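See below for the structure under consideration.
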Amino acid sequence: MDEEQHYQIERLQMVADQLERRGIVDQRVLQAMRNVPRHRFVPRQYRDLSYSDGPIPIGEGQTISQPFIVALMSQMLALQGEEKVLEVGTGSGYQAAVLAHLAKQVYTIERHELLAKRASKELQVLGLDNVRVYVGDGTLGLVEHAPYDAILVTAAAPEAPRPLLEQLAQGGRLVIPVGSRGAQFLERWQRKGASYEQDVSIPVAFVPLVGRHGWRE
C-alpha cells in the first residue's frame, strides 16, 4: 500500500468515526471531507496526526482545526453549490479547500503572509481554481467582492465584526466563534432585511481573531 492509499483509508475512517457518528448529516459536507487530502495541509513533522481528532499546529501561532469543527462550521453554512463565500483566517488552507467543494467561489483572507503563500500554493497544486487567497485584516472583510452568501471565520472574536455582517447578502449566513480569548461558542448570524437572526451552537476554543474589529495583537 502506498502513502496516498494509506491516507485515504485514514480519511474515510475519520469521516465515519469523527463526523457521521457525531451528527454531521450534510452529505455534501461529508463528501467534501472525504475528498480533501487533509495531510497535504499539515506540516510534515505532524503528518502522522493528519486525520486525528484534534487541531494541529501549522506555524505562526496558528492551527488547522479539528476535522469535526471544520465539518460542523461548513454544515452550518448550508451551502448548495452556487454561493460566493468569504473565509476569514485562511491558515493552512484546509477549510478553504473544503469550501471550494461546496460553493461556486471562495475568497479567503489571512493576515500572515507566509501562511497565505503556503495555502495558495497547496490549493493550486490540488487544482482548486475557485479559491482566491488575500493577505490582510480579515475583520474588515473583502468589500470589493461583497456581498457574500456565506462568511466563515476560523478565529475567535469578542463579537461578530460589523463589517462582516454588513457584507452579507440578504439571507446570507455568518458562522463565527464568539467569546473570550480562551473559550467561545459558535454563532450563526443570518441577514434578514436590515436586521440579523442569531443562534448559538456548541462551545469551542479557537485562536484569537486579530484585527481592527477583533482582538489586539
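Please treat every number below as a calculation from the coordinates, not as lab data. Quantities reported herein were computed from a predicted structural model and do not represent experimental measurements. Quick reminder, even Gly has a Cβ in these numbers, built from the backbone with ideal geometry, and neighbours come from all protein chains shown.
Taking only Cα atoms and a 10 Å spring cutoff, compute GNM fluctuations for the chain and point out the largest among Leu126, Leu152, Leu99.
Taking springs between Cα atoms under 10 Å, the residue moving most is Leu126.
Given (i) 60, 39, 32; (ii) 50, 33, 32; (iii) 56, 34, 34, which label gives Cα extents along the principal axes in Å as computed from the coordinates?
Recomputing Cα extents along the principal axes in Å here gives the entry labelled (iii).
For the chain, modelled as a Gaussian network with Cα springs under 10 Å, which listed residue fluctuates most, Gly93, Gly182, Gly54?
Gly182
Quick one: grab the alpha carbon gyration tensor of segment 165-217, order the square roots of its eigenvalues as a ≥ b ≥ c, and give me rounded if a/c is under 1.5, else prolate or oblate depending on whether a/b is larger than b/c.
Numbers: a/c = 3.24, a/b = 1.55, b/c = 2.09.
Because a/c hits 1.5 or more and a/b fails to exceed b/c, segment 165-217 counts as oblate.
Please list, or write none, the aspartates and glutamates whose alpha carbon is within less than 15 Å of the alpha carbon of Lys121, excluding same-chain residues fewer than 8 places away.
Filter leaves Glu110, Glu113, Asp129.
Sorted by mean Cβ packing within 10 Å, highest first, what order do the peptides 101-107, 26-32 take? Intermediate results must be reported in sequence, preceding the final value.
Numbers: 101-107: 21.1, 26-32: 17.0.
So the peptides 101-107, 26-32, ranked by packing, come out 101-107, 26-32.
Please determine, in degrees from 0 to 90 and to the nearest 10, the orientation of helix 3-14 with respect to the longest principal axis defined by the Cα atoms of the chain, where the helix direction is its Cα long axis.
50 degrees
Got a sec? How would Ser201, Ser74 order by Cβ neighbour count within 10 Å, fewest to most?
Numbers: Ser201 14, Ser74 27.
Ascending number of Cβ neighbours within 10 Å: Ser201, Ser74.
Quick check on packing: order 117-125, 82-90 by the mean number of other C-beta atoms within 10 Å, highest mean leading. Walk me through the numbers on the way to the answer.
Numbers: 117-125: 17.4, 82-90: 24.0.
The peptides rank, most packed first, as 82-90, 117-125.
What angle, in degrees between 0 and 90 and rounded to the nearest 10, separates the Cα long axis of helix 67-77 from the longest principal axis of the Cα atoms of the chain?
Here the helix axis deviates by roughly 40 degrees.
Below 8 Å, C-alpha to C-alpha, sequence gap of six or more: please give me the relative contact order for the chain in percent.
On the way: 452 pairs, mean separation 31.0, N = 217.
Contact order relative to length: 14 percent.
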